[in-house]
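All remarks here apply to the structure that follows.
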Amino acid sequence: MQLYYQPDIERMSYDEMKSLQDRRLKEQVAHVYKNVAYYRKLMDEKGVAPGDIKSTEDLRKLPFLTKDDLRDAYPYGLLAVPLRDAVRIQSTSGTTGRRVVAFYTREDIELWSECCARAIVAVGGARDDVVQVCYGYGLFTGGPGLDGGSHKVGSLTLPMSSGNTERQIQFMCDLGTTIICCTPSYAAYIGETVEEMGARDKLKLKAGIFGAEAWSEEMRRGIEAKLGLKAHDIYGLTEISGPGVSFECCEQTGLHVNEDHFMAEIIDPVTGEVLPYGEKGEIVFTSITKKAFPLMRYRTRDICVLTRGTCSCGRTLVKMSRLMGRTDDMLIIRGVNVFPSQIETVLINCGFQANYQLIVDRVNFSDTLDVRVELTPEMFSDTVRKLETRERELRDKLKSMLGLYAKVTLVEPKSIARSEGKAVRVIDKRKI
Ligand code: DLL
């Protein structure tokens, strides 16, 4: 069985990786300084010249880029190649403010596909596999990214996109899909529908590649049980290429960053100071191979921990933990910092599933948090007294975990809308 897609890189010694990064970083800074007036100005303002960047240690001299810069430079301000060399655009969902568009040359797409191929091989994917891609296709990077990776591996690729869940399951059964790729919330929904259709015995799934949104370890175990597969995390963002910036191996203990393409740093989100391995902070990426849209020190707002060492899978690529939240995802409720993922963990530990919504409001100048969670079909037939006990238990556990009183509302099974892409978990009415 093939264990690595590019073993020479995935198992490269630290010294070799560092000298590869040194060389690529220098070349990339020269390319960006020459071709991107927007970033040249930022470097000039900071008093940094391309010649100052001699190795990876100098990375921290470069200015950061933020989402605001991307919006200011929209649409072409950060394009680093002539338009005729760019062959593709992808874009973020753009729920707030202006859309972010990212450009790719033909070569950029090749490299991106290779990153996704590494992710597929890491979960046991090979030429004999049938890979069903149920991430959205189009401007969203999920579908095109995993599709490209699956082609590289040589697996049979089903470009399903998201939606039409019964048809998805029909195809899975008929074609003997072995690997599925979608958001974890859609995987959970597919799992529910498989149960309803009584199709569990007809599935041949062995692995799932789930990402694009936060999910907990508890949710992972739930999906694995429902679909009879091993569930793996995959991370990425449009600005840096899409899925495959990092991927989880069979160990399921964090995600290997494809650091020959994307250098990672962890910073203190408040001061911008670079933090050592093992410390939690905001992850910042620098693209050192992409030519059309090479972002330098891009602040993702995603919070995690980086660790270096050889993984038991044999890979040496630096590892990032599962995401612990986003700097802008964190809710501040009556002064307490709350991440939706913490609440999800409590819910699942109390026997609920990840079908919930958090409604935050402000009543009489005070914040309120309402945790609406679906009863499972088994709980639904409980007596009123038992339901009251469940509700109280959940409220107490949330109180001790968050240090905050939250109202708990138990709702009927299937009453919270299911998601075929990224789930909407938080409704913050305070901003309206
Ligand atoms: O979500 C790319 C992607 C597609 C990743 C398919 C994985 C699989 P964007 O729409 O630009 O790109 O959203 C990027 O989603 O900054 C994170 O906050 C979040 N995100 C992505 N992957 C994960 C993950 C794609 N595995 C933003 N866990 C990122 C938690 C994730 N959050």
Go ahead and run the numbers for FRET between residue 337 and residue 308, Cβ-Cβ distance against an R0 of 30 Å, rounding to 0.05. 0.60
Simple SL model, points at 7 angstrom along Cα→Cβ for residue 417 and residue 173; separation in nm is 2.9
Charges at C-beta only: +1 for Lys and Arg, -1 for Asp and Glu. How large is the resulting dipole of the chain about its Cα centre, in Debye rounded to 20? 600
Can you tell me the dipole magnitude for segment 320-371 around its Cα centre, using point charges on the Cβ only (Lys, Arg +1; Asp, Glu -1), in Debye to the nearest 20? 120
Set the bar at 29 Å for Cα to Cα. Now go through 46/422; 280/414; 67/280; 290/319; 61/152 and name every pair that lies beyond it. 46/422; 280/414; 61/152
Could you identify which residue out of 386, 291, 152 has the top mean-square fluctuation in a GNM of the chain using Cα springs shorter than 10 Å? 386
How tilted is helix 14-35 with respect to the longest principal axis of the chain? Cα atoms for both, answer in degrees (0 to 90, nearest 10). 70
Hydrodynamic radius (Kirkwood) for the chain, which is based on Cα pairs only, to one decimal in Å: 22.8
Counting only protein heavy atoms, what percent of the accessible surface of the chain is carbon or sulfur at a 1.4 Å probe? 51
In a GNM of the chain with a 10 Å cut-off on Cα contacts, which of 238, 383, 310 has the highest mean-square fluctuation? 383
Less than 12 Å Cβ to Cβ from residue 399, Lys/Arg counted +1 and Asp/Glu -1: what total charge do the surrounding residues give? +2
Rounded to the nearest 10 Å², the accessible area of residue 42 at probe 1.4 Å: 40
Between residue 4 and residue 384, what is the label-point separation in nm under the 7 Å Cα-to-beta-carbon projection? 6.4
In square angstrom, what is the accessible area per residue of segment 1-324 with a 1.4 angstrom probe? 40
Mind running the shape call on segment 331-428? Use the C-alpha gyration tensor, a ≥ b ≥ c as the square roots of the eigenvalues: rounded below 1.5 for a/c, prolate if a/b tops b/c, oblate otherwise. oblate
Rounded to the nearest 10 degrees, the helix 184-197 long axis (Cα) sits at an angle to the longest Cα principal axis of the chain of 40
Listed by chain and number, the aspartates and glutamates with an alpha carbon less than 12 angstrom from that of residue 429, same-chain partners under 8 positions apart left out, are 361, 367, 370
Lys, Arg +1 and Asp, Glu -1 on Cβ, resulting dipole of segment 331-428 about Cα centre, debye, nearest 20: 140
Given the options 309, 125, 148, state which has the largest fluctuation in a GNM of the chain using a 10 Å cut-off (strictly under) for Cα springs. 309
Please state the shape class of segment 80-214: rounded when a/c is under 1.5, otherwise prolate if a/b exceeds b/c and oblate if not, all from the C-alpha gyration tensor. oblate
Using a 1.4 angstrom probe and counting only protein chains, how large is the accessible area of residue 140 in Å², to 10? 60
Give me the 1.4 Å probe accessible area per residue for segment 331-428, excluding ligands and nucleic acids, in Å². 54
Quick one: angle between helix 165-175 and the longest Cα principal axis of the chain, in degrees between 0 and 90, rounded to 10, please. 70
Between residue 83 and residue 16, what length in nm is gained on full extension when 0.36 nm per residue of separation is reduced by their alpha carbon distance? 20.7 nm
Starting from 0.36 nm per residue, how many nanometres of slack lie between residue 327 and residue 349 once their C-alpha separation is accounted for? 5.4 nm
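The values are calculated or read from the model by the stated rules, or taken from the named source; none is laboratory data. Everything quoted here is computed from the prediction, not taken from an experiment. When we count neighbours, we look across all protein chains shown, and the Cβ atoms used for this are built from the backbone with ideal geometry, even at glycine. Protein only, heavy atoms only, side chains kept; ligands, DNA and RNA dropped before computing areas. Shrake-Rupley method; radii C 1.70, N 1.55, O 1.52, S 1.80 Å.
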